[in-house]
Amino acid sequence: MKSPLVYHPGHRARAWRFLTYMFMHVGLEQLGFNALLQLMIGVPLEMVHGLLRISLLYLAGVLAAVPLLHTGSLTVSITDMRAPVVGGSGGVYALCSAHLANVVMNWAGMRCPYKLLRMVLALVCMSSEVGRAVWLRFSPPLPASGPQPSFMAHLAGAVVGVSMGLTILRSYEERLRDQCGWWVVLLAYGTFLLFAIFWNIFAYDLLGAHIPPPP
């Protein structure tokens with residue numbers, strides 16, 4: 001938690017932490033889960049939809065996680081105002097939820113013989129990691145371990161995946177700028193980011209929120 005890359009509400013003025021927290025993880029378990037899901041979901045998505053679209057979706061999930069609750073990056077800062085954030089779960093869950101929702105909507109037209117197995121494996125991995133994150137957040141911390149990281153990034157990433165992801169992944173043959181739904185989602189996401197920025201500037205003082213000292 002002492003890394004200059006980890007997001008901590010006490011260091012929210014250091015804007016780079018809203019993105020760089022995705023490079024840090026709490027133990028090999030979180031790193032392993034995220035790496036597995038990125039290989040199982042992210043690589044096939046990139047092969048079909050291209051690097052630009054998948055990178056955009058991933059970064060949107062990472063960034064959205066912190067402002068809302070300090071669980072994504074922006075989400076966490078709104079919903080779990082005292083918790084630090086680490087790990088790329090916001091981006092990973094954005095990819096997974098977008099992929100799963102897209103598969104459900106286009107189930108009949110997909111020819112992949114292992115689509116059900118892939119969905120089950122992804123859901124099991126996602127559920128296991130969320131359960132672990134919730135347990136870490138609310139379990140009694142070890143002496144001098146500091147605040148436990150938030151789990152809200154997972155949920156924020158999933159919301160971004162369903163909303164923005166379905167628009168991005170719906171038609172890889174049509175340019176994003178030609179899709180009306182893309183502009184609607186982009187406007188909504190931009191509005192949320194602006195709200196989160198103002199929240200991080202003013203809300204802590206207005207609400208008198210007590211922030212644990214950074215490690």
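Just so it is clear, none of the values below were taken in a lab; they were calculated from the coordinates. Predicted model, so just to flag it, every value in this text is computed and none were measured. Cβ sites come from the backbone with ideal geometry, for glycine too, and all protein chains shown count toward neighbours.
Amide H to amide H, with H built 1.01 Å from N, Tyr7 comes under 5 Å of Tyr21, Val85, counting only residues 5 or more places away or on other chains.
Going from the residue with the fewest nearby Cβ atoms within 10 Å to the one with the most, Tyr21, Tyr58, Tyr189 rank Tyr189, Tyr58, Tyr21.
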